[in-house]
Amino acid sequence: MYKLIRKVLFFFDPEVIHGWVMNRLDLAYKIPISRYLLENRYFFDEPSLHQDLWGIHFPNPVGLAAGFDKNAQHIDSLSTLGFGFIEIGTLTPRSQPGNPKPRMFRLPADSGLINRMGFNNKGVHSAVIKLKKRKEAMIVGGNIGKNKEVPNEIAHKDFEECFEALHKYVDYFVVNVSSPNTPGLRALQDKEPLTKLLSGLQQMNRDLGANKPILLKIAPDLTDGQLDDIIDIVRETRLSGIVATNTTLSRANLNTSDNTVKKIGDGGLSGKPLKERSTEVIRYIHKNSNGSIPIIAVGGIFTAEDAIEKIEAGARLVQVYTGFIYEGPGIVKRICKGLVKRGIRFDNLPKN
């Protein structure tokens, strides 16, 4: 059924149709009978999928990746679709429009997306207002970044402002220095500036009195040597984990024509073309950290088999974004049922 609906949705600009669909979902949430029908259709609860991680109890391992609900506007309505957790953002201290439109492009031949959104958001303080008003007890992660005009030398101040503003209202944090769409941002993944940034946030975490898990979101385009540095930094700064991975700059092995890809231009590629590389990064980190770093996997997850691939590579949780767009609102339930069918369990894993 969704595949037929998707054909219609894909006639429209991705950003326009995203806003339209989310407004309809918000409306459905406000009507008790439609909210009940959504929950009845999409919820799947199985004790073997529950797990405790970082002191948080996750009802299932399938979350919604950052970028879908940037401004924390739709947490309540999205909660009806069965997600185990939702990550908001990327949020910056001040609102910013992002890059010029059009800036999101579908690649149907590859089940992929290219975006160059550029951290468009209403600012962290606007998101806090939304978080204060939410009704559902959904686990929420806060993905934080820096404003475009802020030089890397003082970028830590932007991250710290977001961290302090969100600290009471989210369950965990993700530091995003890996988006390809903010000029110079990925330079913050270098060892010295990244160690300084993360050490400062950990100090704030202690000063605020209630330590929240802090994770680092990394790019898929890092070399093995850079991944080794990331492992060292995570250990040195005692981070809670890694989100692997962000979108890629690679355009290798696409079915979409070269002319179409060139016409689209710059941006990060997500979806099925990212799946293999994302898994490689997860496997490398898991192996070379001796399994000591919890990993949230994101990149090319469309089915239960995709999720199992990430879990077997070393992930504890998975997130969907492009897969959600292509597979529709039933994706969480299908993945969860597939995990149970394959005998994948989370309730007996160590509590990191």
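The values are calculated or read from the model by the stated rules, or taken from the named source; none is laboratory data. All values derive from a computational prediction rather than experimental measurement. All Cβ positions, even for glycine, are placed from backbone atoms using ideal geometry, and neighbour counts span all protein chains on display.
Taken together, the criteria place ASN99 among residues that are of a type outside the set (Ser, Thr, Tyr), under 23 Å from ASP266 (Cβ atoms) and out of contact with any strand residue (DSSP E or B) (no Cβ under 7 Å at 6 or more places or on another chain). In the stretch 101-131, the residue that is farthest from the chain's Cα centre (by Cα) out of those that are among the small types (Gly, Ala, Ser) and closer than 26 Å to ALA244 by Cβ is ALA109. ARG35 meets all of the listed conditions (1) closer than 19 Å to ILE335 by Cα; (2) in contact (Cβ under 8 Å) with a residue 24 or more places away in the chain but one, namely (1). What pairs come up if the first residue lies in the stretch 327-352 and is closer than 17 Å to ASP52 by Cβ and touching a residue at least 40 places away in the same chain (Cβ under 8 Å), the second is of a type in the set (Ser, Thr, Tyr) and part of a helix (DSSP H, G or I), and their beta carbons are under 6 Å apart, counting only those six or more places apart or on different chains? If the second residue must be of a type in the set (Ser, Thr, Tyr) and part of a helix (DSSP H, G or I), the pairs left are ARG345/SER48; ASP347/SER48. Among residues of the stretch 120-134 that are crowded, with 17+ Cβ neighbours inside 10 Å, none has a Cβ under 9 angstrom from a residue that is modelled with pLDDT under 95 at a sequence gap of 6+ or on a separate chain. Here is a check on your reading of the model: is LEU227 in contact with a Ser or Thr (Cβ under 9 Å, 6 or more places away or on another chain), under 27 Å from PHE85 (Cα atoms) and not acidic (Asp, Glu)? Spelling it out, it is not the case that LEU227 is in contact with a Ser or Thr (Cβ under 9 Å, 6 or more places away or on another chain), under 27 Å from PHE85 (Cα atoms) and not acidic (Asp, Glu).
Kindly provide the set of residues from the stretch 132-156 that are more than 17 Å from the chain's Cα centre (by Cα) and over 18 Å from LYS122 (Cα atoms), ordered by number. Hits for the stretch 132-156 are LYS135, GLU136, ALA137, PRO151, ASN152, GLU153, ILE154, ALA155, HIS156. From the residues in the stretch 302-322 that are of a type outside the set (Phe, Trp, Tyr) and under 12 Å from the mean Cα position of the chain (by Cα), which one is nearest to MET104 (Cα to Cα)? Result: THR322. Contact annotation: no residue pair with Cβ atoms under 6 Å, 6 or more positions apart or on different chains, pairs a residue in the stretch 149-171 that is part of a helix (DSSP H, G or I) with a partner that is of a type in the set (Asp, Glu) and at pLDDT below 95.
For the stretch 289-322, a residue qualifies if it is in contact (Cβ under 8 Å) with a residue 24 or more places away in the chain and charged (D, E, K, R), and the qualifying residues are GLU305, ASP306, GLU309, LYS310, ARG316.
Checked against the criterion of being among the polar types (S, T, N, Q) and touching a residue at least 40 places away in the same chain (Cβ under 8 Å), the stretch 216-232 has no qualifying residue. Looking only at the stretch 54-84, residues that are within 10 Å of the chain's Cα centre (by Cα) and at positive phi come to 1 in all.
Scoring GLY209 on the criteria (1) in contact (Cβ under 8 Å) with a residue 24 or more places away in the chain; (2) farther than 14 Å from PHE173 by Cα leaves a single failure, condition (1).
Within the stretch 90-107, residues that are farther than 19 Å from ILE129 by Cβ reach partners that are among the hydrophobic types (A, V, I, L, M, F, W, C) and not in a loop (DSSP other than H, G, I, E, B) with beta carbons closer than 7 Å, at six or more positions or on different chains, in the pairs MET104/LEU113; PHE105/LEU113; PHE105/ILE114; PHE105/ILE264; ARG106/LEU113; LEU107/LEU113; LEU107/ILE114. Looking across the stretch 192-225, the residues that are part of a helix (DSSP H, G or I) and farther than 23 Å from GLY268 by Cβ come down to GLU192, THR195, LYS196, SER199, GLY200, LEU201, GLN202, GLN203, MET204, ASN205, ARG206, ASP207.
When the helices (runs of 4 or more DSSP H) confined to the stretch 1-109 are screened for residues that are modelled with pLDDT of 95 or more and loosely packed, with under 15 Cβ neighbours inside 10 Å, those reaching at least 3 such residues are found at 2-9, 14-30, 32-42.
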